[in-house]
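Laboratory data are not the source of any read-out in this text; all were calculated from the coordinates shown. From a predicted model like this one, the values you see are computed outputs, not experimental measurements. Neighbour counts run over all protein chains shown; Cβ positions are idealised from the backbone, glycine included.
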Amino acid sequence: CIEKAWKLGNGILPTYFTYEATAYEERKNEDGTSYITPYGLPGVKVTEFACHVVPPFLEGPARMLSCRSGHRKEKKEMHEAILQSDIYDSKLKMYKTSGSIEHISMEHGRVRAFTPGWLERESIFLHMEYKYLLGLLCSGLTEEYYAAMKDALIPFQAPEVYGRSTLENSSFLASSANPDEKVHGRGFVARLSGSTIEMVSMWIRMFLGDGGFVMKEGRLSFTLAPKLAGWLFDEQGKAAFTLLSGCRVIYRNPERKATFGEGAAKIESIRLYYDAAKTNKREEEVSGDCLDEQQALDL
């Protein structure tokens, strides 16, 4: 079914379909009279439907990237198709909720009633865009993720265009589909939307990768497997984050290599610093990228 949907969407997984009854039979009562439904309408039995693909929305691809394991080649091709589609706002270099829906009928629902590029219609709905970016990262399309995030994440927006602090998410940004050019790229309705937790999920995935706490043969272990681009390391070759609210983790990467892909920087050792007020341990160094059970419990 997924392969068939891909073909119907011309390489972009469709989110919505409509079905038109193209053939039907009139229903009859036992006495041969026409059957009338409780709603006062003639009763029919549809015998054939025609499937119509609604213009592409971002939600289908975003969910497929996150939920369907494997198929990296197909996902990469779909991402490239989206970049060439009307979903991608080439002016803002961001991702709209959908392509143009100007030609579909009002029967498709309230989304058709909004002004293009505003609220739920063809805007940069941040929760959905961030869900798509997270999907790229989870799918192993790490290079594509970093290429997209430098344009799409709010901290990289120009404040004078965004119209508010770039440390603050919005519900949506008016896209370039909006007839008022003055609002293109401006954020509206500040709130703690789903984009907040999607950003946290991206952050964790970037700094921990496929690592974290796991059970192996009944024993706890902890692994660091970051997926960081080289440009995220500072001039001293450091990148840091806070783990479990109170533990500072610093990656030291003097050559500022990416930690994914060909020629990636790999963790050679982990140095642990203990709280002198809580334990007699002071400092410990571990070869490789994994902590054994006792060290994981200490952490």
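With N residues in segment 147-249, what two-decimal value do you get for its Cα radius of gyration over 2.2 N^0.38 Å? Each step should come with its number before you reach the end.
Values: Rg = 17.8 Å, N = 103, 2.2 N^0.38 = 12.8 Å.
The value comes to 1.39.
What separates the Cα centres of segment 234-299 and segment 180-217 is a distance of 23 Å.
I'd like the Kirkwood hydrodynamic radius of the chain, using the inverse of the mean 1/r over distinct C-alpha pairs, in Å. Radius from the Kirkwood sum: 22.7 Å. In this structure, the amide hydrogen of Tyr16, modeled 1.01 Å from its nitrogen in the peptide plane, lies closer than 5 angstrom to those of Val54, Phe57, counting only residues at least 5 positions away or on a different chain.
Tell me the trypsin sites (Lys or Arg not before Pro) within segment 69-114 that lie in a loop according to DSSP and have at most 10 other beta-carbon atoms within 10 Å.
Taking segment 69-114 and a limit of 10 other Cβ atoms within 10 Å, no loop trypsin sites (Lys or Arg not before Pro) are found.
For segment 186-299, the share of alpha carbon pairs falling in successive 10 Å distance bins from zero is 12, 38, 32, 14, 4, 0 percent. Here the spin labels are modelled as points 7 Å beyond Cα on the Cα-Cβ line, and at Ser90 and Val189 they lie 2.9 nm apart.
Do me a favour and compute the ellipsoid semi-axes for segment 69-112 from its Cα gyration tensor, root of five times each eigenvalue, largest one first, whole Å. Walk me through the intermediate numbers first.
Numbers: eigenvalues 128, 43, 13 Å².
Values for segment 69-112, descending: 25, 15, 8 Å.
Calculated mean residue ellipticity at 222 nm for the chain: -7500 deg cm²/dmol, from DSSP H runs with n ≥ 4 weighted as -39500 (n - 2.57), summed, divided by the residue count and rounded to 500.
Take the residue pairs Lys76/Lys131; Lys131/Lys182; Lys131/Lys227 and return only those whose Cα atoms are more than 20 Å apart. Don't skip to the end; give the middle numbers.
On the way: Lys76/Lys131 16 Å; Lys131/Lys182 27 Å; Lys131/Lys227 18 Å.
Lys131/Lys182, as the Cα separations exceed 20 Å there.
Normalised by 2.2 N^0.38 Å, with N the number of residues, the alpha-carbon radius of gyration of segment 104-201 equals 1.12. In this simple spin-label model, placing a label point 7 Å from the Cα along the Cα-to-Cβ direction at both Trp203 and Glu48 gives a separation of 5.7 nm. If you plug the beta carbon distance of Lys216 and Ser269 into 1/(1 + (r/R0)^6) with R0 = 22 Å, you get a FRET efficiency near 0.65. Considering segment 1-148 at the alpha-carbon level, its Rg and Dmax are found to be 19.9, 69 Å.
As a test of the definition: which semi-axes, in Å, follow for segment 237-299 when you take the square root of five times each eigenvalue of its alpha carbon gyration tensor? Largest first, please.
Each semi-axis is the square root of five times an eigenvalue, giving 25, 13, 11 Å.
Between amide H atoms placed 1.01 Å from N, distances below 5 Å from Tyr95 occur with Asp89, all of them 5 or more places distant or on a separate chain.
For the pair Glu143 and Asp180, the difference between a 0.36 nm per residue extended length and the Cα-Cα distance amounts to 9.9 nm.
Each label point was placed 7 Å from the Cα along the Cα-to-Cβ direction; for Ala225 and Tyr24 their separation is 5.4 nm.
Counting other Cβ atoms within 10 Å, keep those with at most 16, restrict to DSSP loop, and tell me which GluC sites (Glu not before Pro) in segment 129-187 are left.
Details: sites: Glu129, Glu143, Glu144, Glu160, Glu168, Glu181; in loops: Glu168.
Here the sparse-neighbourhood loop sites are Glu168.
Among the trypsin sites (Lys or Arg not before Pro) in segment 253-282, those placed in a DSSP loop whose Cβ has at most 11 other Cβ atoms within 10 Å are Lys266, Lys278, Arg282.
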